[in-house]
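Quick notes on the structure that follows.
Read the figures in this text as sums done on the coordinates, not as results from a lab. Every value quoted in this text rests on a predicted model; they were computed, and no experiment measured them. Positions of Cβ are generated from backbone atoms using ideal geometry, with glycine treated the same way; all protein chains shown enter the neighbour counts.
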Amino acid sequence: MKIIAIGDVTYSSGGTKHNFNVLKELAKRHEILFYTPAFSISPEGVQKLRELEKNGVKVLDAVNKIIEDKVSRSESRSRLFSKILFQNSLKNYYLDVNLKYVKGLEDLLKDVDIIYDMGEQLEWLTVAYYLGKKLRKPVVSILHDPPFYTISRSLNIYKAWLSEGFTTFTKRSLQYLILRAKMKPAIYKAVNDGVLKGIGAVSLAPLWYSELEKLKDKLLINVFKIANAYDRELLDHRRIKSKEDFCMFYARLVPVKGVLELPKIAENVECEIYIAGKFYSERVKEKVLSSKNKIKYLGFLPYEQLIDYASRAKVVIYPSHLDGFSLVVLESLALGTSVVAYDIPAIMYVYGGLRPVKIVKEYDVKAMARRVNEVLRMKDEDYEAEHNDAKVREFLELHSSWSNVAKEIEDFMLKVVK
């Protein structure tokens, strides 16, 4: 197949890591053209684009022009909000700006077989829809997180953003939520116009929050069995013996990942909590670190150093309120480290029943601390037995190859093309 992929690999997240690895694998068997829309590129991650090129992915020249013009991701989350808020969800400022870069690509793209929308971002769907309609080619979208939320199924997500304070919620979080809300009419229009032909999800969670399964009679909907993988090299660092008595938190340092709950959790745990990553706001950083209560901030660590800490920790604390398929939890299991997480749909759907993943009620920080302490007190032989459990080993084997993840997506696209 000749595939035009619309998405991003430059931002640091589980979704972009998935995109990066899947593109590398697909390029071994298909011709892959890659376009990152204006307002999606994170300048600090541009080297990932060069790595894709070395692995056979053709990054379109238009992407380099966007980088030169400095039409960055941060701009889309601030200045652009007022410009797109009251515009039609598909004919908006995102498209106006991106047309400058994608117009003239029709000859290059005219023989593509399918358009691969790699995530749940409005700017990606906008461009994918435009190209799909222009070229009369099918679009498939892969969801890592919910593209939007029904009110009844998202109150706990709103609560996480409100925990930062109403003023900041209004300034930052409301932008995010309204932009997400604009995705619903965009998706429904793309489906009703016969452009969006398939939606794949990394777990049931994105479909549950958005209720997009209601569209199953209008297009192909699929929940992938494997969906994500860890780098097999992590097994070289797997350590289930001689663990050290500290906890680790290394998700994105944002409220929706539960970072603001860490001080309350720290009050009741019997160890230090090591935090790794980059705070997205000084306000959040101050709130988390001002307590100085068993919290040690490591800063943004090189990957090898991060893996070393995560493999030595006895517990990873993961109080996330929103996920599709957590790579943090998956990589922690590969490293032989137990996880305590909230009972959100993605955790229950993907990790429910795995003994090293301890699940507590969402927002119950005392219950989370209790479960952390229980793991800290576990005898070495009991800890090892949980991680050597047959079900855990089978799960890790299933998710040990990005090639298998790419094959699922490839098969899904082939069904749509047929």
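Along its three principal directions, the equivalent ellipsoid of the range 108-249 from the Cα gyration tensor extends over semi-axes of 32, 24, 15 Å, largest first.
In terms of distances greater than 31 angstrom between alpha carbons, the cross-link table entries Lys285/Lys379; Lys48/Lys257; Lys28/Lys243; Lys216/Lys366; Lys28/Lys415 yield Lys285/Lys379; Lys28/Lys243; Lys216/Lys366. Farthest toward the positive end of the dipole of the chain, out of Ile187, Gly15, Ile32, is the Cα of Ile187, where the dipole comes from beta carbon charges about the Cα centre. Here the residues Met413, Met183, Met378, ranked from fewest to most Cβ neighbours within 10 Å of their Cβ, fall in the order Met378, Met183, Met413.
Just report the Cα centroid separation between the range 372-417 and the range 214-291, whole Å. For the range 372-417 versus the range 214-291, the Cα centre distance is 16 Å.
Within the range 232-398, the ratio Rg/Rh, alpha carbon atoms throughout and Rh by Kirkwood, equals 0.93.
Only Lys, Arg, Asp and Glu carry charge here, each on its Cβ (+1 for the first two, -1 for the last two); on that basis the range 232-398 has a dipole of about 460 debye about its Cα centre. The residues neighbouring Ala62, those whose beta-carbon lies less than 11 Å from its own, together hold a net charge of 0 under the Lys/Arg +1, Asp/Glu -1 convention. For the range 239-289, the list of chymotrypsin sites (Phe, Trp or Tyr not before Pro) that fall in a loop by DSSP and count at most 15 other C-beta atoms within 10 angstrom reads Tyr280.
Short-range pairs are left out: with C-alpha atoms under 8 Å and at least six residues apart, the relative contact order of the chain is 15 percent. With all pairs of different C-alpha atoms in the average, the Kirkwood value for the hydrodynamic radius of the chain is 22.1 Å. Of Ser311, Ser326, Ser291, the sequence from fewest to most neighbouring Cβ atoms within 10 angstrom is Ser291, Ser311, Ser326.
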